[in-house]
1. Nearest 20 debye, what's the magnitude of the dipole of the chain about its Cα centre given +1 on Lys and Arg Cβ and -1 on Asp and Glu Cβ?
2. If I build a Gaussian network model for the chain, linking alpha-carbon pairs within less than 10 angstrom, which residue out of THR98, THR18, THR81 has the largest mean-square fluctuation?
3. Along its principal axes, what span do the Cα atoms of the chain show, with the longest given first and each in whole Å?
4. Could you give the length gained by full extension between TYR40 and VAL26, i.e. 0.36 nm per residue of separation minus their alpha carbon distance, to one decimal place?
5. How far is helix 5-30 tilted off the main Cα axis of the chain, in degrees rounded to 10, range 0 to 90?
6. Taking K and R as +1 and D and E as -1, what net charge do the other residues with C-beta under 10 Å from the C-beta of GLY45 add up to?
7. Can you tell me how much longer the chain between SER123 and ALA74 gets when fully stretched, taken as 0.36 nm per residue apart minus their C-alpha distance, in nm with one decimal?
8. For the stretch 39-92, what's the relative contact order in percent, using C-alpha pairs closer than 8 Å and at least 6 residues apart?
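What follows draws every value from the coordinates through simple rules; no lab data is involved. Remember, it's a predicted structure, so these values are computed and weren't measured experimentally. Cβ coordinates were reconstructed from backbone atoms using ideal geometry, including for glycine residues, and neighbour counts include every protein chain displayed.
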Amino acid sequence: MTYSNGKVAGVLILVAVTQFVLGVIVSEALYSGYSISDNYISDLGVGPSSLIFNSSVFLMGLLLIIGAYFLQRAFAFPMLTAMLVLTAIGAMGVGVFTEDFGTLHAVVSLIAFLFSGLSAIFSVLCSRVH
């Protein structure tokens with residue numbers, strides 16, 4: 001049985017994001033006193049739930065890179081692929097370089113947030129071309 005590259009990419013990206021959302025929810029539940037209005041999401045990476053949060057955000061990045069590969073094979077949109085890979089690198093960096101790393105954490109967080117937004121914009125632009 002063969003699967004199209006586009007479907008494989010879609011499943012990988014869906015699994016990446018879904019497992020991360022679930023990882024955040026579990027991390028928030030395990031972090032006593034964590035408040036989504038008073039704490040940064042990065043606080044989950046250094047608190048009692050750090051193993052779950054950091055593993056989840058790193059796995060999201062890894063799956064996004066693999067998904068970007070299949071997306072590129074399916075649709076050949078190099079700018080979208082680049083945006084997704086940069087998002088993934090930023091996410092993996094957040095999982096490795098926690099808040100304790102200061103400026104380095106801020107840089108990888110910026111990369112993750114900036115390029116995830118740009119990925120959304122490029123995906124819309126690419127969908128109009130295809």
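1. On the way: 3 positive and 5 negative charges, 143 e Å.
Dipole size: approximately 680 debye.
2. Ranking THR98, THR18, THR81 by mean-square fluctuation puts THR18 first.
3. 47, 34, 23
4. On the way: separation 14, 0.36 × 14 = 5.04 nm, distance 1.55 nm.
My answer for the length gained is 3.5 nm.
5. 10 degrees
6. Working: positive: none; negative: ASP43, GLU99, ASP100.
That works out to -3.
7. Numbers: separation 49, 0.36 × 49 = 17.64 nm, distance 1.34 nm.
Length gained, SER123 through ALA74: 16.3 nm.
8. Reported relative contact order: 40 percent.
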